[in-house]
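In what follows, a structure is listed as structure tokens, so that the remarks can point back to it.
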Amino acid sequence: MGYNTKYNNPSTNRKLTLWEKLYLPEVIRGLLTTFKHIFRPKFTRQYPEERWDPPASFRGRPVLVMEENGSERCVACGLCSRVCPPLAIEVRASETEQLKERYPVVFEINMLRCIFCGFCEEVCPEEAIIMSKDYELVFRDPSEGIFGKDKLLVPKAELKERLDFLAEMRN
Amino acid sequence: MPKFTIDGNEYEAQAGQTIIQVAQENGIDIPHFCWHPALSVAGNCRMCLVEVEKTPKLQIACGTIVTEGMVVKTLSETATKGREDVMEFLLINHPLDCPICDEAGQCKLQDYAFDHSRGESRFVEEKNHKDKRMPLGPQILFDGERCISCSRCIRFAEEVAHQPVLTFVHRGDHVTINAVPAESFDNNMSMNVIDICPVGALTSRDFRFKARVWDMSFTDSVCPGCSRGCSTRIGVRNNEILRTEPRNNPNVNSYWMCDYGRVEMYPAVNEGRIDGPRMKDAAGKQQATDYDTAARVTAETLKKYHKDEVLILGSAAVPVEDNYAMLKLAREHFGKQTIPFISHIVGEDDRLLLKADKTPNSMGATLAGCVADGHYPHVHGEKAAHTTVLELLRSRKIKAVFALGDNFLTDPQLLEAFEHVEFFACHAANETITSRRADVVFSISHWAERDGVFVNFEGWAQSLNPAVTTNYQVRGRDQLNMSRLDRFGSPYDKWARGHKRDAREGWHFVQLVSNQLGSKWHYLHTEQLFEEIAATNPEFKGMSYESLGSLGQPIASKHSMVKEPIYQEVYQETGAPLMGSGN
Ligand code: SF4
Ligand code: SF4
Ligand code: SF4
Ligand code: SF4
Ligand code: FES
């Protein structure tokens, strides 16, 4: 059997006392708890009108750092692709005229595979892939879950908080 | 025969052997950069330092000849410290740009930095800057900053390629490699320097940045470029061949392969393929069909002609097994004793590796019972030699042709003589002039997609392995090599959607046609055919795919040519990825 028999086996169920068997007192006790909470402070959030800003240590979807000149920092070394446990990342390299002669022509993360472990960020020798604060991932079709460079590249300025956090953690 | 000890164990050396040679033969790894078993000793990298008792300083294992009673220590404190110091010096000006470098994953410097260095640098000054991306020849780019000045490339150019144009320029820490003025390292062996360069200083224009070493699967194979049949290794990612590199085989190609075989053979497997069988319709246009229809039409049409009007052709471009099957068909149904195959002799031997015969299996086809037919100089518009096939076609006696995979209609005279052929069925892997002329085309697997045996011009038989999968994969002895990406990919991953072609090994189609003609063959895989060949043909006696292994065997009449593999290598010397396939 696929489930834990201990909790489904009638012979181990607790015997109810007479008071409990009367039923109504227990219902009233339950409702009292509910009423008590009406006057306590609220912890729920009116998402999506009200959004949460996670701390810098939060691991949202991985993104690629875009330098000021609009090019990616990534040199397509493929280490993130190698370390990624669920094989979510595909990198294809090509040559550029820039000082760092290698860049990713294709960089895709399959967000249906990604488990937000952050290994890619940790292994990257260029600090080119980092975990963002973005936790809103909705797709209507599996093919939409594959994020290319268009969705992955985020300007460096927007990622300042995480980059600072990483710099601090590294020392 | 001096006896001596390395790390307390006694070994026996041949007179004149150096410490590193004996160590390699016995499976002891002494780290080295500049020493290469097939090149002269330079002794300039100092990585191979070992302690020899009774000498005041550390000695280089690559340049020290073993003497009686010598006591060598590779693991002592002094030796270890010596190696660590050498590594520290080598890394002083090294850019450490492994993330960009193509050599990463199969780099000696990287490996030794893990095994033989302190792991930290005391050098805080600005590193030297040198030329990057400098072309040394048409195929090779040089990165001066990565070079560790081992001089392997210089010695290769001089000693193996016989084109001594590479040299050191400048002095001290400014030393770098360059081609002598107005020269370029442009011979047909040039790309071997990329393999022997222990670091990523020399990179291939053909491969640059295509993939990381660990993303590819590597499968042992044989180069189909000429009748030398160099032992190679094929790098595949996403069912596409990205590069070929040589494998050390002392009996065939040593550590080398030629540039022609390296860069011109594999693209045909990736591009321009015939995907599924085709047949000409009434209007003369080739349309896709299925294997059984193609075989039935071929058999029925061939039956209509008199036996003498049918020409069956073998091929030197496909393995022995296909030729054997084709000859068997010709004997059973068309009363022929033997069948011709067309040889492709182009140019001349280069006296290093490349042969004039540009097919890998002329010898194998001949041994299987086919007869080489004439030679057709495709180049320089020379007058073609007199050949029986051409003569037969010209006499208009031949009405129907059934040929194994071979692009022979590139010869204009043959093409012209083909005008009178009423029915032409052929095997083809690529869209070629031959396949376009055919009425029925059977789509065959390429050399990189199949099992089979090639026999080189010296009589050395080697077996192929499937490196790329087809729709119809006949699994040979082992599982197909697959890289981690291929193994764990699902149909939803773009990187696992490499195209698989609808192709089969040539003998399948011979069997289909033959059975339509009335035979009762029942071969299931290529190995069965080879077993039959080994049992009936004395030249292949006792051979099997297993006995051929990765290095091959000589045919029976050439047994005297065996040279033992010289080194049991600890580190493979040519381009061997240390973390190639697997997880
Ligand atoms: S966070 Fe983890 S699972 Fe997601 S892409 Fe990076 S390494 Fe892969
Ligand atoms: S590890 Fe960093 S530099 Fe390397 S491919 Fe991934 S993102 Fe690019
Ligand atoms: S380019 Fe490579 S092989 Fe040539 S000297 Fe430099 S490190 Fe050695
Ligand atoms: S010599 Fe012949 S077999 Fe060897 S690599 Fe060149 S073409 Fe291929
Ligand atoms: S390997 Fe001996 S000095 Fe380079």
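Quick check on region B:246-260: of everything there that is assigned to a loop (DSSP other than H, G, I, E, B) and in contact with a helix residue (DSSP H, G or I) (Cβ under 9 Å, 6 or more places away or on another chain), which residue is farthest from ligand 2 (Cβ to nearest atom)? Give the derivation first.
The initial filter retains those residues of region B:246-260 that are assigned to a loop (DSSP other than H, G, I, E, B), namely B:247-248, B:250-253, B:255-258.
Then drop every residue that is not in contact with a helix residue (DSSP H, G or I) (Cβ under 9 Å, 6 or more places away or on another chain), which leaves B:251, B:255-258.
Working: B:251: 41, B:255: 32, B:256: 33, B:257: 31, B:258: 34 Å.
The extreme case among them is B:251.
Would you call residue B:146 touching a residue at least 12 places away in the same chain (Cβ under 8 Å), under 26 Å from the mean Cα position of the chain (by Cα) and away from ligand 4 (no atom under 16 Å from the Cβ)? First the steps, then the outcome.
Values: touching a residue at least 12 places away in the same chain (Cβ under 8 Å): yes; under 26 Å from the mean Cα position of the chain (by Cα): no; away from ligand 4 (no atom under 16 Å from the Cβ): yes.
Considered against the rule, which asks whether it is touching a residue at least 12 places away in the same chain (Cβ under 8 Å), under 26 Å from the mean Cα position of the chain (by Cα) and away from ligand 4 (no atom under 16 Å from the Cβ), residue B:146 comes out as no.
Is it the case that residue A:122 is in contact with a Phe, Trp or Tyr (Cβ under 6 Å, 6 or more places away or on another chain) and closer than 30 Å to residue B:203 by Cβ?
Details: in contact with a Phe, Trp or Tyr (Cβ under 6 Å, 6 or more places away or on another chain): no; closer than 30 Å to residue B:203 by Cβ: yes.
No: the conditions fail for residue A:122.
Hey, any hits in region B:273-286 for a residue that's touching a Ser or Thr at 6+ places or on another chain (Cβ under 6 Å), under 28 Å from residue B:224 (Cα atoms) and β-branched (Val, Ile, Thr)?
The answer is yes, given that some residue of region B:273-286 is touching a Ser or Thr at 6+ places or on another chain (Cβ under 6 Å), under 28 Å from residue B:224 (Cα atoms) and β-branched (Val, Ile, Thr).
I'm checking my understanding of the structure. Among residues of region A:133-154 that are under 18 Å from residue A:68 (Cα atoms) and surrounded by 13 or more Cβ atoms within 10 Å (Cβ to Cβ), which one is farthest from the other protein chains (Cβ to nearest Cβ)? Working first, answer last.
So in region A:133-154, the residues under 18 Å from residue A:68 (Cα atoms) come out as A:149-154.
Subset that is surrounded by 13 or more Cβ atoms within 10 Å (Cβ to Cβ): A:149, A:151-154.
Working: A:149: 14, A:151: 15, A:152: 15, A:153: 18, A:154: 21 Å.
Among them, the one singled out is A:154.
Go through region A:74-96 and give me each residue that's basic (Lys, Arg) and out of contact with any Lys or Arg (no Cβ under 8 Å at 6 or more places or on another chain). Write out each step before concluding.
Initial filter on region A:74-96 (basic (Lys, Arg)): A:82, A:92.
Within region A:74-96, A:92 is the sole residue that qualifies.
Return yes or no: is residue B:263 within 23 Å of residue B:346 (Cα to Cα), in a helix (DSSP H, G or I), away from every other protein chain (no Cβ under 14 Å) and modelled with pLDDT of 95 or more? Even if it seems obvious, please write down each step before you answer.
On the way: within 23 Å of residue B:346 (Cα to Cα): yes; in a helix (DSSP H, G or I): yes; away from every other protein chain (no Cβ under 14 Å): yes; modelled with pLDDT of 95 or more: yes.
So residue B:263 passes the test.
Condition check ((1) more than 14 Å from chain A (Cβ to nearest Cβ); (2) touching a residue at least 60 places away in the same chain (Cβ under 8 Å); (3) in a helix (DSSP H, G or I); (4) away from ligand 5 (no atom under 16 Å from the Cβ)) across all residues:
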{"position": "B:241", "(1), (2), (3), (4)": "yes, yes, no, yes"}
{"position": "B:275", "(1), (2), (3), (4)": "yes, yes, no, yes"}
{"position": "B:284", "(1), (2), (3), (4)": "yes, no, no, yes"}
{"position": "B:294", "(1), (2), (3), (4)": "yes, yes, yes, yes"}
{"position": "B:298", "(1), (2), (3), (4)": "yes, yes, yes, yes"}
{"position": "B:308", "(1), (2), (3), (4)": "yes, yes, yes, yes"}
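Can you tell me which residue within region B:220-243, out of those that are more than 11 Å from residue B:456 (Cβ to Cβ) and of a type in the set (Val, Ile, Thr), is farthest from ligand 4 (Cβ to nearest atom)?
It comes out as B:236.
Here is a yes/no grid of residues against (1) more than 26 Å from residue B:173 (Cβ to Cβ); (2) without any contact (Cβ under 8 Å) to a residue 60 or more places away in the chain; (3) within 16 Å of ligand 1 (Cβ to nearest atom):
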| position | (1), (2), (3) |
| --- | --- |
| B:6 | yes, no, no |
| B:19 | yes, yes, no |
| B:56 | yes, yes, no |
| B:63 | no, yes, no |
| B:97 | no, yes, no |
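Residues checked against (1) within 38 Å of the chain's Cα centre (by Cα); (2) more than 14 Å from every other protein chain (Cβ to nearest Cβ):
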residue: B:43; (1), (2): yes, yes
residue: B:54; (1), (2): no, yes
residue: B:68; (1), (2): no, yes
residue: B:79; (1), (2): no, yes
residue: B:90; (1), (2): yes, yes
residue: B:98; (1), (2): yes, no
residue: B:120; (1), (2): no, yes
residue: B:125; (1), (2): no, yes
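Tell me which residues, restricted to region B:431-476, are in a helix (DSSP H, G or I), of a type outside the set (Val, Ile, Thr) and over 23 Å from residue B:368 (Cβ atoms). Step through it out loud before you land on a result.
Filtering region B:431-476 down to residues in a helix (DSSP H, G or I) leaves B:433-437, B:447-449.
Of the ones still in play, those that are also of a type outside the set (Val, Ile, Thr) are B:435-437, B:447-449.
If the condition is that a residue be in a helix (DSSP H, G or I), of a type outside the set (Val, Ile, Thr) and over 23 Å from residue B:368 (Cβ atoms), then B:435, B:436, B:437 are the ones that fit.
Strands (runs of 3 or more DSSP E) wholly in region A:83-148 with at least 1 residues that are closer than 25 Å to residue B:488 by Cα, away from ligand 3 (no atom under 16 Å from the Cβ) and more than 15 Å from the chain's Cα centre (by Cα) - which ones? Break it down into steps so the answer makes sense when it comes.
Values: elements: A:89-95, A:102-110, A:129-131.
By residue number, A:89-95, A:102-110.
Identify the single condition in (1) surrounded by 15 or more Cβ atoms within 10 Å (Cβ to Cβ); (2) within 16 Å of ligand 3 (Cβ to nearest atom); (3) closer than 28 Å to residue B:159 by Cα that residue B:91 does not satisfy, given that it satisfies every other one.
(3)
Hey, could you check region B:531-581 for residues that are in contact with a Ser or Thr (Cβ under 8 Å, 6 or more places away or on another chain) and over 17 Å from residue B:249 (Cβ atoms) and say which is modelled with the lowest pLDDT?
B:581
Would you check if there is a residue in region A:82-98 being facing another protein chain (nearest Cβ under 10 Å), touching a strand residue (DSSP E or B) at 6+ places or on another chain (Cβ under 9 Å) and loosely packed, with under 14 Cβ neighbours inside 10 Å?
yes
For region B:208-226, which residues satisfy the criterion of being of a type outside the set (Val, Ile, Thr) and more than 12 Å from the chain's Cα centre (by Cα)? Don't jump to the end; show me each part of the working.
So the first thing to find is which residues in region B:208-226 are of a type outside the set (Val, Ile, Thr), and the list is B:208-212, B:214-218, B:220-221, B:223-226.
Selection gives B:208, B:209, B:210, B:211, B:212, B:214, B:215, B:216, B:217.
Conditions (1) farther than 30 Å from residue B:316 by Cα; (2) within 16 Å of ligand 1 (Cβ to nearest atom); (3) crowded, with 21+ Cβ neighbours inside 10 Å, marked per residue:
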site	(1), (2), (3)
B:168	yes, no, no
B:179	yes, no, yes
B:194	yes, no, yes
B:205	yes, no, no
B:217	no, no, yes
B:224	no, no, yes
B:235	no, no, yes
B:241	no, no, yes
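Scan (1) surrounded by fewer than 16 Cβ atoms within 10 Å (Cβ to Cβ); (2) within 16 Å of ligand 5 (Cβ to nearest atom); (3) among the aliphatic types (A, V, I, L, M) for the single condition residue B:15 breaks and write down its number.
(2)
Read through the list (1) within 14 Å of chain B (Cβ to nearest Cβ); (2) touching an Asp or Glu at 6+ places or on another chain (Cβ under 7 Å); (3) among the charged types (D, E, K, R); (4) farther than 21 Å from residue B:488 by Cα, then give the number of the only condition that residue A:61 fails.
All conditions pass for residue A:61, except number (1).
For a quick check of your reading of the model, give me the residue pairs whose first member lies in region B:197-213 and is farther than 18 Å from residue B:266 by Cβ, whose second is among the basic types (Lys, Arg) and within 16 Å of ligand 5 (Cβ to nearest atom), with beta-carbon atoms closer than 9 Å and at least 6 apart or on different chains.
Here the result reads B:197/B:152; B:198/B:108; B:198/B:152; B:199/B:108, each pair linking region B:197-213 to a residue that is among the basic types (Lys, Arg) and within 16 Å of ligand 5 (Cβ to nearest atom).
The values are calculated or read from the model by the stated rules, or taken from the named source; none is laboratory data. If you're wondering where the values come from, they're calculated on a predicted model, not measured in any experiment. When we count neighbours, we look across all protein chains shown, and the Cβ atoms used for this are built from the backbone with ideal geometry, even at glycine.
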